[in-house]
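Written below as structure tokens is the structure these notes are about.
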Amino acid sequence: MMLAKKLRKLRCSPACCIEGVAQFACHQTMLPYKTWKSVLWFLLTYILTIGLLVSACTNYWLVGPEDTEGNLAHVGFVQDCSVTNKSVEGSNETQIVFRCNGIRTNFQSLTLIIVTSTLGVGILSLFFLTILMLVYCFCDQLTACGRSFHTLAGIWQATASVLVLIGVFLFPLCWDQDWVTNICRTSSVYHLGDCVPGYSLYLAIACSILGYFLAGFSTSLDTKTFEITEFASMESLDTYKQGI
């Protein structure tokens, strides 16, 4: 009830209401003093998150040989793609045709589910972090119960990046399944067969490694870009803000 009364009293934007909730919980505020290093961290985090989203949504984790029509066969998590033999009318010849049949809905094994879930959780975690950064980057915001935003973001970023890397390392366990061998033919666990790694796989590896190093960079910015001030109540916080 007390929290609801305080929020009604604020009569502010959603961003301010988020601040009010945090203030009510922790009675602390974080006053940002931006430096070029802090801005660089924000921008690189946005870039790597976009890169991971592109990697997840494109279907070029593995690239196979061309079909008869010159289309390059490829494998990924989003689309359900396959190579089929098509008979040519009026002759005994067959054509190798590569087609994608829309969004994948059939996850054939527990291994594929685990790999997809691990990658999905890691990438979505970084995506939600970038949304949260929109609030913390441009407004006077609070620490979360004594820890600065940079420290918490660094922990969050490192955990998400490790999850993506784990998903990438588990991906070869799927190479002996039908949806991969249909494209790569002789592939097996940790053996590519007729395929080569595609740009989606390289992009996922590069972005996850970058995210891990950015997490360490984020925690190092803690004391350099923010001044942590503790307040006994909301009233003392408002008084302090009016004086700066």
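The values are calculated or read from the model by the stated rules, or taken from the named source; none is laboratory data. Source: prediction; values computed, not measured. As a convention, Cβ positions derive from the backbone with ideal geometry for all residues, glycine included, and neighbour counts pool all protein chains shown. What goes into the accessible areas is simple: the full protein's heavy atoms, side chains included, and nothing from ligands, DNA or RNA. Shrake-Rupley method; radii C 1.70, N 1.55, O 1.52, S 1.80 Å.
Kindly evaluate S82 against the criterion of being small (G, A, S), modelled with pLDDT of 75 or more, more than 21 Å from L53 (Cα to Cα) and surrounded by 15 or more Cβ atoms within 10 Å (Cβ to Cβ). In short, yes. Would you confirm, using the coordinates I've provided, whether V63 is modelled with pLDDT of 90 or more and either assigned to a strand (DSSP E or B) or surrounded by 15 or more Cβ atoms within 10 Å (Cβ to Cβ) (or both)? It is true that V63 is modelled with pLDDT of 90 or more and either assigned to a strand (DSSP E or B) or surrounded by 15 or more Cβ atoms within 10 Å (Cβ to Cβ) (or both).
Residues considered: G154, G198. Of these, the only one that is crowded, with 16+ Cβ neighbours inside 10 Å, at pLDDT below 90 and under 22 Å from T118 (Cα atoms) is G154. Taken over region 38-60, the criterion of being over 15 Å from I123 (Cα atoms) and either open to solvent by 60 Å² or more (accessible area, probe 1.4 Å) or under 10 Å from the mean Cα position of the chain (by Cα) (or both) is satisfied by V39, L40, L43, Y60. Quick check: is even one residue across region 172-190 open to solvent by 20 Å² or more (accessible area, probe 1.4 Å), more than 19 Å from I96 (Cβ to Cβ) and assigned to a helix (DSSP H, G or I)? Scanning region 172-190, I find at least one residue that is open to solvent by 20 Å² or more (accessible area, probe 1.4 Å), more than 19 Å from I96 (Cβ to Cβ) and assigned to a helix (DSSP H, G or I), so the answer is yes.
Just so you know, in region 201-221 the residues that are within 12 Å of the chain's Cα centre (by Cα) and open to solvent by less than 10 Å² (accessible area, probe 1.4 Å) include one that is nearest to G51 (Cα to Cα), and it is A204. Selection over region 66-75 of residues that are open to solvent by less than 60 Å² (accessible area, probe 1.4 Å), of a type outside the set (A, V, I, L, M, F, W, C) and under 14 Å from V196 (Cβ atoms) gives a count of 1.
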